[in-house]
Amino acid sequence: VDMPDVRGREKLFEVHTKAPFKLDDNVNLANLAKATPTFSGADISNMANEAALLAAKQNKETVDSDCFEEAKDRVMMGPERKSMILTEEQKRLTAYHEAGHAIVGRIVPEHDPVYKVTIIPRGRALGVTMFLPEDDKYMQSKEYLLSRICTLYGGRIAEQLINGERNITTGASNDIEVATGIATNMVTKWGLSDKVGPLKFGEDDSSPFLGRSASQSSKTYSDETSKLIDSEIKDIINSCYERAETILKDNMDKLHTMAEALLKYETIDQHQIDDIMSGAEPREPSDWNDNNEPPKKSTKESSIKGPAEEL
Ligand code: ZN
């Protein structure tokens, strides 16, 4: 099923916010549609439901833009799991891991802008760095894909720079899986490797009606080609990894500032990230007030032990 474009999303928002839905005057459906590229019809339906639930929970007469904002986070990142207690050291490691993603994502060319970074566990993740394109994306450039791979390794590299080679965790497993998938598709499907050329390799999944048996993983290319494909995938990954490592080494001050901001505020958005990237101290989040107790300062400097979840 094709994803809805911006007009399609606006129509879907209209459908899902019809009476008896009590839409507040401060909600602009056209703006919501613009701010939700990559959202499917089901995502939009979920977002409207979540927004209504949040309004009811907060005893609001109408569903206002704050409800929609929080509902959007829930749909994008999964609901917060505040009951999940992380140790100070786990929080610290998560903060550095996420800051690593965010900083690399900010510096590499053509990357989607960072939308939010949080160390509040959501879904299966201990922390999340969300990027959201500004417009609907109908195709992706080679530069964009390389930048994404760099950003995916930013988390692991930040862990390594802070805690040392021996204390890196399994927290990057999903990042590694996604990055490897992108690099593999670049070489075997999308014709984005000079050495391999614009050819398609691997099983044909474009004709599902033929059934699995018709497209068994019968290789139609030589061992030599197979080796070339493997080495190209590795080259892409290695060069992106090195680029990301250089970026983080050159921006250690910002890495520390962002990790500290995450430990203090738990969630930061593009405004705080703008401040940090310009070398300033981050402003307080707009919903921050003095009643928010900053979490206790970590005193332990030991490293995380035991299994970690995806970050
Ligand atoms: Zn990660």
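The values are calculated or read from the model by the stated rules, or taken from the named source; none is laboratory data. In this text, all values refer to a predicted model and were calculated from it rather than measured experimentally. We place every Cβ from the backbone using ideal geometry, glycine too, and count neighbours over all the protein chains shown.
Here's the yes/no breakdown for (1) at pLDDT 95 or above; (2) aliphatic (A, V, I, L, M); (3) closer than 16 Å to Val15 by Cβ:
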| site | (1), (2), (3) |
| --- | --- |
| Ser45 | yes, no, yes |
| Ala48 | yes, yes, yes |
| Lys72 | no, no, no |
| Gly78 | no, no, no |
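Summed over region 130-140, residues that are away from the ligand (no atom under 13 Å from the Cβ) and either touching a Ser or Thr at 6+ places or on another chain (Cβ under 9 Å) or free of Cβ contacts under 8 Å to residues at least 12 places away in the same chain (or both) total 7.
The single condition from (1) farther than 29 Å from Met186 by Cβ; (2) within 16 Å of the ligand (Cβ to nearest atom); (3) part of a loop (DSSP other than H, G, I, E, B) that His111 fails is (1).
In this entry, Ile268 passes the filter for residues that are outside any helix (DSSP H, G or I) and buried (at least 20 other Cβ atoms within 10 Å of the Cβ). Considering Gly123, Gly100, Gly105, Gly127, the condition of being under 15 Å from the mean Cα position of the chain (by Cα), within 16 Å of the ligand (Cβ to nearest atom), surrounded by 24 or more Cβ atoms within 10 Å (Cβ to Cβ) and without any contact (Cβ under 8 Å) to a residue 60 or more places away in the chain is satisfied by Gly105 alone. No other residue among Glu89, Glu61 is more than 25 Å from Leu132 (Cβ to Cβ) and either in contact (Cβ under 8 Å) with a residue 40 or more places away in the chain or surrounded by 17 or more Cβ atoms within 10 Å (Cβ to Cβ) (or both) apart from Glu89.
When Ser147, Ser173 are checked against the criterion of being out of contact with any Lys or Arg (no Cβ under 8 Å at 6 or more places or on another chain) and within 11 Å of the ligand (Cβ to nearest atom), Ser173 stands alone in meeting it. Taken over region 133-168, residues that are at pLDDT 90 or above, in a loop (DSSP other than H, G, I, E, B) and more than 15 Å from Glu245 (Cβ to Cβ) amount to 2. Take the conditions (1) over 21 Å from Met76 (Cα atoms); (2) among the small types (Gly, Ala, Ser); (3) within 12 Å of the ligand (Cβ to nearest atom); Gly164 misses just one of them, which is (3). With the structure loaded, tell me whether Asp66 is charged (D, E, K, R), touching a residue at least 40 places away in the same chain (Cβ under 8 Å) and assigned to a helix (DSSP H, G or I) or whether it fails that test. Against the criterion (charged (D, E, K, R), touching a residue at least 40 places away in the same chain (Cβ under 8 Å) and assigned to a helix (DSSP H, G or I)), Asp66 does not qualify. Restrict the check to region 11-31 and report whether at least one residue is crowded, with 18+ Cβ neighbours inside 10 Å, touching a residue at least 40 places away in the same chain (Cβ under 8 Å) and among the hydrophobic types (A, V, I, L, M, F, W, C). Checking region 11-31: at least one residue is crowded, with 18+ Cβ neighbours inside 10 Å, touching a residue at least 40 places away in the same chain (Cβ under 8 Å) and among the hydrophobic types (A, V, I, L, M, F, W, C). For region 267-311, enumerate the residues that are more than 24 Å from Val114 (Cα to Cα), touching an Asp or Glu at 6+ places or on another chain (Cβ under 9 Å) and either modelled with pLDDT of 70 or more or within 16 Å of the ligand (Cβ to nearest atom) (or both). Ile304, the sole residue that qualifies.
Sub-9 Å Cβ pairs linking a first residue in region 231-251 that is outside any helix (DSSP H, G or I) to a second residue that is of a type in the set (A, V, I, L, M), at least 6 apart or interchain, are Asn251/Ile103; Asn251/Val104; Asn251/Ile107; Asn251/Met277, ordered by first then second residue.
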